[in-house]
Amino acid sequence: MNIFITDGYDEMAETAVDILIDSIETNRFLKLGLPTGKTPEGVYKLLARAHKNCGVDFSKLTTFNLDEYVGLDINHPQSYNRFMKENLFSKINIPEKNYHLPNGCAKDLEEECLRYEKLIRESGGIDIQLLGIGGNGHIGFNEPSTCFSRGTHKVKLTKETIASNAEKFFDGDIDRVPKEAITMGIKSILDAKKIILIASGIEKAKVIEALVNKPITSRIPATILQRHANVILIIDKAAASLI
Ligand code: GLP
């Protein structure tokens, strides 16, 4: 695991974006896996700026998002689909047919999970998977006790994740947060050729310490990243403070 420790959030985002832009300029047909959450917002802002100010070309890029809530329409203000459009896709020149998220409103969710997994596989697989991390060690929406061998599947969110997402995105109203989601599984994530995990702030310090130093355990799903040969952690000083 390569670890970059940055001064703060901004430098974390800049470091990740430098790698991403370099990779996109080397391979315009890059397949990129993307997270949602507060942490990647700075990354998306800088990617949008790189397009606007420096003409970075995203027209051949393909993206796959990690997850989507079950039951939120794609236009719902808190859907991950909407989040991605507002934060990134509407600000770069990626064609609509090139970005993908699971459909949390599909009639048959099991079938939707299979469709999504197949879509990723048939694209040739993800070259770089960008990840955030939940306070309980979840990646995507793979919550503690997840099974490491699964591809895209439906999950029940933990109370902790619901509370955390309520605070950040639903005005603190737990009742409005969907209780289920579709997420790429740990297997889908580990299939990526390279993984970049970003984290910022003291509230991520404990889980980052576990990710780096503790034995692999499904109780802290992100520890499985120790098994991947090409992982880069880009974390700020606060998130790195317990390593
Ligand atoms: C959500 C997402 C994850 C994300 C995590 C951390 O639950 N499903 O992909 O990494 O939250 O979010 P944040 O970056 O806001 O701390």
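Assorted remarks:
- For the pair segment 131-192 and segment 93-122, the centres of their Cα atoms are 17 angstrom apart.
- Residue-wise HN-Hα couplings along segment 61-68, as the Karplus relation 6.51 cos²θ - 1.76 cosθ + 1.60 with θ = phi - 60° gives them from phi, are 5, 10, 10, 10, 7, 5, 7, 7 Hz; Gly and Pro carry x.
- Amide H contacts under 5 Å for THR6: ILE235, ASP236, LYS237, restricted to partners 5 or more places along the chain or on a different chain, H placed in the peptide plane at 1.01 Å from N.
- Based on the convex hull around the alpha carbon atoms, the chain presents an average projected area of 11.8 nm².
- Taking all protein chains into account, the per residue accessible area for the chain stands at 46 Å² (1.4 Å probe).
- Gaussian network model of the chain, springs between alpha carbon atoms under 10 Å - residue of PRO77, PRO102, PRO221 with greatest fluctuation: PRO77
- Amide H to amide H distances under 5 Å link GLU180 with VAL70, LEU157, where only residues 5 or more positions off or on other chains count and H is placed in the peptide plane.
- Magnitude of the charge dipole, segment 1-140, Cβ model with Lys/Arg +1 and Asp/Glu -1, debye to 20: 380 debye
- Take every Cα pair under 8 Å whose residues are at least 6 apart in sequence, average their separation, divide by the length of segment 164-243, and the relative contact order is 34 percent.
- Here the relative contact order of the chain, from alpha carbon pairs under 8 Å that lie six or more residues apart, stands at 26 percent.
- Among beta bridges identified by DSSP and lying wholly in the chain, the antiparallel ones come to about 25 percent.
- Residues with amide H under 5 Å from that of ILE196, placed H, sequence gap 5 or more: GLN129, LEU130, LEU131, ILE232
The values are calculated or read from the model by the stated rules, or taken from the named source; none is laboratory data. Remember, predicted model here, so these are calculated numbers, not experimental data. Because the Cβ atoms are built from the backbone with ideal geometry, glycine has one as well, and the counts that use them run over all protein chains shown. These accessible areas exclude ligands, DNA and RNA; they are computed on the full protein's heavy atoms, side chains included. Shrake-Rupley method; radii C 1.70, N 1.55, O 1.52, S 1.80 Å.
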